1. Could the peptides 194-203, 7-16, 165-174 be put in order, highest first, of the mean number of other beta-carbon atoms found within 10 Å of their residues?
2. If R0 is 35 Å, what FRET efficiency do you get for residue 139 and residue 27 from their C-beta distance, rounded to 0.05?
3. Under the definition of Cα pairs under 8 Å and six or more residues apart, what whole-number percent is the relative contact order of the chain?
4. Just grab the label-to-label distance for residue 202 and residue 105, each label 7 Å out from Cα along the Cβ direction, in nm (one decimal).
5. Rounded, prolate or oblate: pick one for the chain, where a ≥ b ≥ c are the square roots of the eigenvalues of its C-alpha gyration tensor, a/c under 1.5 means rounded, and failing that, prolate if a/b is larger than b/c, else oblate.
6. Could you check the spin-label model distance between residue 63 and residue 194? Points 7 Å from the Cα along Cα→Cβ, value in nm.
7. I'd like the FRET efficiency for residue 16 and residue 74, computed as 1/(1 + (r/R0)^6) with the beta carbon distance as r and R0 of 41 Å, rounded to 0.05.
8. Which distance in nm do the two modelled labels at residue 2 and residue 47 give, with both placed 7 Å along the Cα-to-Cβ direction?
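Read the figures in this text as sums done on the coordinates, not as results from a lab. It should be emphasised that the depicted structure is a prediction, and the values quoted were computed from it without experimental measurement. Because the Cβ atoms are built from the backbone with ideal geometry, glycine has one as well, and the counts that use them run over all protein chains shown.
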């Protein structure tokens, strides 16, 4: 893709160019499209859980697209346990090997990562996450971002945001948002996987 093409597409990005007027969405450019993929899985988990609550359900685990929200306990009487996968870059191979296990109650968890969603062109790997500032796929060491929050909308939105920001900026932003806890898996200078987690995330980790 040429720089000219990227620059033309960047003209169609930016939340400032979309307004809500009298209950209607107004776009600055008619060619702009709204993509809710970064939020919809988590948000629909919230809606599903609201439905469960309305029906009197006190113990449930809702999951859509890998984003989850849990309340109460499972059939064994234990708090729900969620696994965080190890990032493996073999696109055709889906591994169940876990990096960590966490227990959550009345909270949501979302994970975003580029290690399964990418494409290769001319021998170079490109992530599926696009940096809206540059118009190009992100290039940084962060492999996956897991966020725990009170609701799926928040967890899902921040998980995607961190995959755009990268490790250093992600840590900075996470530290300024007390409503969330984070678990980042990243590649060090030797290409080996390392983990950063916020202090509050540690309480959810189990052996």
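1. Final packing ranking: 165-174, 194-203, 7-16.
2. 0.75
3. With pairs under 8 Å counted, the relative contact order is 18 percent.
4. Calculated label separation equals 2.2 nm.
5. Note, shape of the chain comes out oblate.
6. Here the modelled spin labels are 3.1 nm apart.
7. With R0 = 41 Å, the Cβ-Cβ based efficiency is 0.40.
8. 4.1 nm
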